[in-house]
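Chemist: Below is a structure I'd like to ask you about.
The values are calculated or read from the model by the stated rules, or taken from the named source; none is laboratory data. All of these numbers come straight from a predicted model, not from anything done at the bench. For neighbour counting, all protein chains shown are included, and Cβ atoms are generated from backbone atoms with ideal geometry for every residue, glycine included. Accessible surface areas use protein heavy atoms only, side chains included; no ligands, DNA or RNA. Shrake-Rupley method; radii C 1.70, N 1.55, O 1.52, S 1.80 Å.
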Amino acid sequence: MVLFDKYGVNQNKLVEKANKEKSTITRQIDALEKMNLITRESNNEDKRSKLIYLTDADKQLEVLSLSIAGDITKQSEKAITANELEAFKKS
């Protein structure tokens, strides 16, 4: 979701946010790039790093996934009481 929140994220920021090893994130980025869901471009501020950008296909996936997440949240909230929901939000 980090890429949905900010356009053009450097790989180290993704590692930090995901709390994963750099090699794990690199493999995931490679796979997403092969599926044309992201692109890597040079960082004008730091030539040693690349910025990760969503492609148009992934931007469409963002809209769909956020819609599905909203539907799941609504369904989940119907299954619990208002007090349980409030307690959950506080935890």
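Chemist: Taking the solvent-accessible surface of protein heavy atoms with a 1.4 Å probe, what is the per residue accessible area of the chain in Å²?
Modeler: On the way: 7140 Å² over 91 residues.
Heavy-atom accessible area per residue stands at 78 Å².
Chemist: In addition: Could you please state how large a percent of the accessible area of the chain is carbon and sulfur, counting protein chains only and using a 1.4 Å probe?
Modeler: Numbers: 3710 of 7140 Å².
Whole-percent figure for carbon plus sulfur exposure: 52.
Chemist: Might you work out the accessible area of residue 62 for me, using a 1.4 Å probe with all protein chains in place, and round it to the nearest 10 Å²?
Modeler: 40 Å²
Chemist: State to the nearest 20 debye the size of the charge dipole of segment 10-50 about its Cα centre, where the only charges are +1 on K and R beta carbons and -1 on D and E beta carbons.
Modeler: Details: 10 positive and 7 negative charges, 17 e Å.
It comes to approximately 80 debye.
Chemist: Counting helices only, and only those DSSP H runs with n ≥ 4, report the 222 nm mean residue ellipticity of the chain as the sum of -39,500 (n - 2.57) divided by its residues, in deg cm²/dmol to the nearest 500.
Modeler: The per-residue figure over the chain is -19000 deg cm²/dmol.
Chemist: Any idea what the dipole of the chain comes to, in debye rounded to 20, about its Cα centre with Lys/Arg Cβ at +1 and Asp/Glu Cβ at -1? Before the final figure, lay out the partial values.
Modeler: Working: 16 positive and 15 negative charges, 57 e Å.
It comes to approximately 280 debye.
Chemist: Which angle between 0 and 90 degrees, to the nearest 10, do you get for helix 22-34 versus the longest principal axis of the chain when only C-alpha atoms count?
Modeler: With both axes taken from Cα atoms, the answer is about 90 degrees.
Chemist: Rg/Rh for the chain to two decimals, with Rh computed the Kirkwood way over all alpha-carbon pairs. List each step's numbers first, then the result.
Modeler: Numbers: Rg = 17.1 Å, Rh = 15.3 Å.
Radius of gyration relative to Kirkwood radius: 1.12.
Chemist: Taking the Cα centre of each part, how many Å lie between segment 71-87 and segment 10-40?
Modeler: 33 Å
Chemist: What distance in nm separates the simple spin-label points at residue 68 and residue 20, each placed 7 Å from Cα in the Cβ direction?
Modeler: Each label point lies 7 Å from its Cα, and together they span 1.7 nm.
Chemist: Ordering 7, 53 by how much accessible area each has at a 1.4 Å probe, largest first, what is the list? Intermediate results must be reported in sequence, preceding the final value.
Modeler: Numbers: 7 130, 53 45 Å².
Order by accessible area, largest first: 7, 53.
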